[in-house]
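Read-outs throughout are calculated quantities, based only on the coordinates presented, and are distinct from any laboratory measurement. Given the structure is predicted, the values throughout are model-derived calculations rather than measurements. Counting neighbours? That spans all protein chains shown, and the Cβs are built from the backbone with ideal geometry, glycine included.
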Number of protein chains: 2
Amino acid sequence: MSYTHTRESLKIVSLDVKDVRFPTSLHADGSDAMHTDPDYSCAYVTIEIQAGIEGYGLTFTLGRGTEIVVQAVKTLSSLIVGQVVTDIYKEFGTFWRTLTSESQLRWIGPEKGVTHLATAAIINALWDLWGRLVKKPVWQLLADMDPEQLVACIDFRYLSNVITKEEALQMLRKGQEGKEERVNKLLEKGYPCYTTQAGWLGYSNEKINQLAQKYMDKGFNAFKVKVGKNLYEDIKRLEFIRNIIGWKRTLMVDANQVWEVQEAIDWMQQLAHFKPLWIEEPTSPDDVLGHAQIARTLKPLGIGVATGEMCCNRVLFKQFLQAEALQFCQIDSARIGGVNEILSVYLMAHKLGVKVCPHAGGVGLCEMVQHLQMWDYVALSGSSEGKYVEYIDQQHEHFVYPCIVENAHYLAPREPGYSTEFKKEALENYVYPNGKEWESMFEKGIFSDPRKTRI
Amino acid sequence: MSYTHTRESLKIVSLDVKDVRFPTSLHADGSDAMHTDPDYSCAYVTIEIQAGIEGYGLTFTLGRGTEIVVQAVKTLSSLIVGQVVTDIYKEFGTFWRTLTSESQLRWIGPEKGVTHLATAAIINALWDLWGRLVKKPVWQLLADMDPEQLVACIDFRYLSNVITKEEALQMLRKGQEGKEERVNKLLEKGYPCYTTQAGWLGYSNEKINQLAQKYMDKGFNAFKVKVGKNLYEDIKRLEFIRNIIGWKRTLMVDANQVWEVQEAIDWMQQLAHFKPLWIEEPTSPDDVLGHAQIARTLKPLGIGVATGEMCCNRVLFKQFLQAEALQFCQIDSARIGGVNEILSVYLMAHKLGVKVCPHAGGVGLCEMVQHLQMWDYVALSGSSEGKYVEYIDQQHEHFVYPCIVENAHYLAPREPGYSTEFKKEALENYVYPNGKEWESMFEKGIFSDPRKTRI
């Protein structure tokens with residue numbers, strides 16, 4: 001890869017992080033059986049190099065606690081500032097490990113929870129910056145890399161019993177065949193998606209009906225609905241939604257981790273006649289063996305298991321794949337340690353023949369995962385058959401280059417970077433707690449001001 | 001349980017948290033293949049009730065990053081302050097879930113990493129306070145509870161496919177038989193331990209020899225040694241230590257997560273003739289299936305697998321136990337969400353016949369885990385046969401009631417609480433970065449002052 005800048009001008013001079021929150025709890029947007037009142041939020045990272053170019057990255061959060069992730073980003077920033085970005089990109093996997101295995105910091109993870117979310121925000125900003133430097137959207141940056149370079153972005157630690165660097169290289173070399181044709185097809189048609197927009201648990205039937213109609217009119221053929229709070233209500237809701245969308249369209253259901261293992265099996269047997277494609281997050285996101293048992297039992301009913309949005313790292317994903325505990329692998333661009341680690345999950349899923357259907361919908365998630373799934377289509381699996389990216393129409397208006405969905409397909413981004421840059425107004429209004437919108441809501445008593453209640 | 005205080009005086013009026021660090025990296029104390037330069041540290045929580053009584057709790061860290069855990073404790077404190085402690089203790093399991101499943105905060109865990117460490121520090125402080133209120137050491141507070149009350153301390157969410165509340169009650173009722181006799185035996189003899197003191201990776205042969213001799217003279221018959229950096233050096237080190245301790249004493253080895261799955265198997269086959277009782281943390285702490293494979297392969301060689309100090313929560317422990325991926329279950333009092341969650345691990349381990357051998361050695365860990373293991377002996381498993389608590393002689397001098405080890409046995413604590421209170425001088429000297437010792441080390445240039453280098 002060639003760069004037009006001098007080495008000195010490629011040095012990182014600053015890393016800034018902001019706590020940005022949107023008051024989505026006011027309208028139950030994003031509500032589910034486990035997360036009843038989310039304020040869709042993020043820790044937003046800006047990395048600037050000497051040349052004056054900036055990269056933007058984020059990790060998604062639900063409001064409270066974002067300040068903890070912000071603190072983690074600040075702590076990690078000393079490992080970033082002063083680095084020359086091209087040194088990072090040359091052996092990106094090695095650099096990634098310096099963040100995730102810092103000898104003192106790793107104790108408070110390792111590679112999970114707050115510190116790994118902070119890592120994701122930083123890593124995502126570095127990818128956005130990389131795309132801007134070479135003037136390519138990240139999907140194309142990835143697709144244009146030769147296999148050796150892509151593999152150098154990945155830390156294969158703890159994966160070798162499922163995938164080796166050599167196997168990854170072979171799959172990526174194979175992925176080069178027919179690539180140009182797929183790029184053209186992608187640029188023409190985009191990548192298919194489904195929506196969860198009509199299915200939030202806090203929504204009334206009227207709102208569900210109106211939204212489902214709206215998305216069918218837009219060409220959507222796959223809908224996801226939240227379940228798990230009350231079996232009787234779930235049956236009513238699924239009847240209601242099947243009446244609207246009919247039986248030819250695809251229905252997925254999502255329990256957001258509320259069940260015990262056996263409870264998930266029993267509950268889903270009651271919902272099986274609504275023919276859901278998958279049950280998402282039936283139980284604890286850490287319970288590989290539990291998911292495997294659920295998957296085995298539901299298989300004869302034609303129901304797959306989907307999970308991943310809270311899967312904490314590649315080692316957990318490895319086990320979910322090994323144990324056939326999921327049939328739909330829902331990588332999340334903000335959960336595990338950013339693009340680099342997610343690439344390893346795509347490689348394992350491809351090797352083991354599991355479909356990747358990214359989780360999205362949270363702040364910036366649609367913007368980011370579209371790139372990854374498009375790379376997979378173009379340069380790894382070569383197929384979008386039976387795969388979908390999640391799509392929810394929330395918070396896109398705050399991005400400079402929001403994702404564009406037409407006829408239930410994500411259109412391939414054309415702008416350089418990872419589509420993660422916020423508009424200036426978004427920051428002015430929604431930085432927490434000092435943004436204009438927040439100040440105004442505190443004044444009106446809609447939310448209480450944390451600056452007055454904190455200890 | 002009866003309390004002598006009025007309801008009003010049992011209200012929590014404040015929660016304070018401090019970043020406390022000890023400069024252990026200066027002498028390679030605590031060094032291993034993964035953590036080369038730890039500064040043994042903690043986030044130290046003080047909870048005060050209206051009556052003026054305080055409870056102290058902590059979570060162990062390795063230095064950098066403690067400020068992130070401190071921030072998490074601050075965020076969680078709004079869920080604590082204002083509560084009446086007896087309401088908490090009455091349905092402690094329910095209260096525990098309000099911390100670990102807060103609808104917005106759980107996203108940045110859930111139940112793992114920074115937020116779960118912060119939860120542990122707070123929960124441990126509540127147990128210390130409980131012990132002080134009823135004037136009992138925590139092991140005795142636990143042992144004196146009737147089974148119903150103990151079970152009410154536990155959140156069984158996600159565990160029901162391995163253990164139910166009813167099964168827990170049955171085991172605890174059975175544990176009452178012969179309890180008095182075991183209490184007397186415990187008070188007389190204490191609980192057996194092993195030491196890692198002589199085995200840090202950064203130590204010279206001379207230092208290893210001197211320390212091993214010292215601990216043999218003190219009656220120790222079990223020694224743990226760090227391995228995993230270099231096979232040849234490991235062989236030399238194990239030869240060296242077997243020459244000192246002989247073949248009748250027990251030897252454990254600990255790789256601190258450095259290996260791939262197959263690498264662990266291959267490496268340990270080379271070390272098998274030194275007859276280690278267990279290999280500890282052979283690979284990623286998240287890799288249940290990997291550990292299971294290692295355990296299956298090493299079983300014919302007489303080597304067990306030990307892990308748990310970085311096991312992030314009860315759901316992972318459940319799977320390690322289900323998959324027979326460990327033969328020695330190393331709970332850590334500061335890693336999973338404090339006493340309440342650890343009780344559930346003891347119950348599962350007992351049901352499945354796995355020995356619990358707690359991890360200790362980090363700041364305050366010996367002080368805390370002795371209570372848990374003594375409760376298990378007295379009121380659950382009824383046996384200390386083939387079990388050991390880890391013991392390392394570091395940082396005990398900073399505690400008001402340090403653990404006391406005599407003739408390789410922890411003596412049962414007699415003072416009320418969880419043994420987690422720091423001496424005033426310890427805080428004056430080692431609060432980071434403003435403590436006297438740190439100021440002095442910054443002045444001498446031994447460490448750089450973070451207040452001058454932070455962004």
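Explain nothing, just compute: Karplus ³J(HN,Hα) = 6.51 cos²θ - 1.76 cosθ + 1.60, θ = phi - 60°, for every residue of segment A:142-150 in order, whole Hz, x for Gly and Pro.
5, 5, 7, 5, 6, x, 4, 5, 5
What spacing in nm lies between the two simple spin-label points modelled at A:Val13 and B:Asn407, each 7 Å away from Cα in the Cβ direction?
7.0 nm
Hey, what did segment A:85-150 get for relative contact order, percent, Cα under 8 Å, at least 6 apart?
Relative CO of segment A:85-150 lands at 21 percent.
For B:Lys351, which lysines qualify as cross-link partners when the Cα separation must be under 20 Å and same-chain residues fewer than eight apart are set aside?
The qualifying lysines are B:Lys165, B:Lys174, B:Lys179, B:Lys318, B:Lys387.
In nm, one decimal, shortest first: how far is the label point of A:Asp146 (7 Å from Cα along Cα to beta carbon) from the matching points in the other copies?
7.6
Got the relative contact order for chain A handy, in percent, Cα pairs under 8 Å and 6 or more residues apart?
Rounded, it is 19 percent for chain A.
What number, rounded to the nearest 500 deg cm²/dmol, is the helix-based mean residue ellipticity at 222 nm of chain A, given -39500 (n - 2.57) per DSSP H run of at least four residues and division by all its residues?
Counting only the DSSP helices, I get -12000 deg cm²/dmol.
Could you put B:Glu437, A:Glu166 in order, starting from the residue whose Cβ has the fewest other Cβ atoms within 10 Å?
A:Glu166, B:Glu437
How far apart, in nanometres, would the label points at A:Gln210 and B:Asn205 be if each is projected 7 angstrom from Cα along the Cα-to-Cβ direction?
In this crude spin-label approximation the distance works out to 8.1 nm.
Could you compute the net charge surrounding B:Asn124? Neighbours are other residues with a C-beta less than 12 Å from the C-beta of B:Asn124; K and R count +1, D and E count -1.
-4
Relative contact order for segment B:347-449: what is it in percent, counting Cα pairs under 8 Å that are at least 6 residues apart?
22 percent
Once amide H atoms are built 1.01 Å from N in the peptide plane, which residues 5 or more positions from A:Trp278, or in another chain, come under 5 Å H to H?
Correct list: A:Val253, A:Gly304.
Which of the trypsin sites (Lys or Arg not before Pro) found in segment B:114-219 are loop residues per DSSP with 16 or fewer other Cβ atoms within 10 Å of their Cβ?
B:Lys135, B:Lys218
Report the FRET efficiency, 1/(1 + (r/R0)^6), for A:Glu233 and A:Ile446, where r is their Cβ-Cβ distance and R0 is 25 Å, rounded to 0.05.
0.30
May I ask you to evaluate 6.51 cos²θ - 1.76 cosθ + 1.60, the Karplus curve with θ = phi - 60°, for each residue of segment A:10-25 and list the ³J(HN,Hα) values in order in whole Hz, giving x for glycine and proline?
Here the 3J(HN,Hα) series is 9, 7, 6, 9, 7, 9, 10, 9, 10, 8, 10, 10, 10, x, 5, 5 Hz.
Treating the beta-carbon of each Lys and Arg as +1 and of each Asp and Glu as -1, no other charges, what is the dipole magnitude of the protein assembly as shown about its Cα centre, to the nearest 20 debye?
780 debye
Take the residue pairs B:Lys224/B:Lys248; A:Lys218/A:Lys355; A:Lys74/B:Lys112 and return only those whose Cα atoms are more than 18 Å apart.
A:Lys218/A:Lys355; A:Lys74/B:Lys112
Could you pull out every residue, at least 5 positions away or on a different chain, whose amide H is within less than 5 Å of the one on A:Ser14? Hs are placed 1.01 Å off N in the peptide plane, and Pro or chain starts have none.
Here the answer is A:Glu48, since their amide H atoms fall under 5 Å of that of A:Ser14.
Looking at segment A:226-291, which trypsin sites (Lys or Arg not before Pro) are in a loop (DSSP not H, G, I, E or B) and have at most 15 other Cβ atoms within 10 Å?
A:Lys248
For B:Lys436, place a label point 7 Å from Cα along the Cα-to-Cβ direction in every copy; what are the distances to the other copies, in nm, shortest first?
5.3
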